[in-house]
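What follows is a set of notes on a single structure, which appears directly below.
The values are calculated or read from the model by the stated rules, or taken from the named source; none is laboratory data. Values in this document were obtained by computation on a predicted structure and should not be read as measured data. Here Cβ is always computed from backbone atoms with ideal geometry, including for glycine, and neighbour counts include all displayed protein chains.
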Amino acid sequence: MRSEIAKKIQEETPEEVRIFVRQYTDIVLRINQILQEKGYTQKDLAERMNKKPSEINKWLKGNHNLTLKTLAKLEAELGEPIISVPTTRVKRSARDQKQVL
């Protein structure tokens, strides 16, 4: 019965919500991985970023929506990439390249 309820909830959950949860989880896991590798605690990170430990905790518990600016500050402070976006070049036609110039 419990699995039927979970299945129904999942079916009713919009795709963008599932994507958001997956991406947020991936980001939080990555931040925690970097903290562990560097031997930092959340308190250490808060001190380094001049933030309250409670704010860092909110970020890492999913109780606060991380902005791109916040992610950039975290990457700068931790010295490691948190997210990566595939960089593929779009082939432009000669006509498109002329328009750019």
* Structure fact -> Selection over region 53-80 where residues are assigned to a loop (DSSP other than H, G, I, E, B) and surrounded by 11 or more Cβ atoms within 10 Å (Cβ to Cβ) yields a count of 4
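Condition check ((1) touching a Phe, Trp or Tyr at 6+ places or on another chain (Cβ under 9 Å); (2) over 21 Å from E80 (Cβ atoms)) across all residues:
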{"residue": "I5", "(1), (2)": "no, yes"}
{"residue": "I9", "(1), (2)": "no, yes"}
{"residue": "P14", "(1), (2)": "no, yes"}
{"residue": "R18", "(1), (2)": "no, yes"}
{"residue": "I31", "(1), (2)": "yes, no"}
{"residue": "I56", "(1), (2)": "no, no"}
* Enumeration of residues in region 44-58 that are without any contact (Cβ under 8 Å) to a residue 12 or more places away in the chain and not aliphatic (A, V, I, L, M) -> D44, E47, N50, K51, K52, P53, S54, E55, K58
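Which of the residues that make up region 31-52 are β-branched (V, I, T) and either surrounded by 15 or more Cβ atoms within 10 Å (Cβ to Cβ) or part of a helix (DSSP H, G or I) (or both)?
Looking only at region 31-52, we keep the residues that are β-branched (V, I, T), and these are 31, 34, 41.
Within region 31-52, I31, I34 meet the criteria.
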* **In region 61-77, residue farthest from V21 (Cα to Cα) [restricted to those that are in contact (Cβ under 8 Å) with a residue 24 or more places away in the chain and under 10 Å from the mean Cα position of the chain (by Cα)]** => L71
* Search region 18-39 for residues that are on the phi < 0 side of the Ramachandran plot and pair each with any residue that is of a type in the set (G, A, S) when their beta-carbon atoms are under 7 Å apart and the residues are at least 6 apart or on different chains. => Y24/G62; V28/G62
* Can you tell me which of E37, E75, E47 is among the charged types (D, E, K, R), modelled with pLDDT of 95 or more and touching a Pro at 6+ places or on another chain (Cβ under 7 Å)? -> E75
* To do: Kindly indicate the residue of region 16-30 that is among the β-branched types (V, I, T) and under 8 Å from the mean Cα position of the chain (by Cα) and also surrounded by the most Cβ atoms within 10 Å (Cβ to Cβ) among those meeting that condition.
  => I27
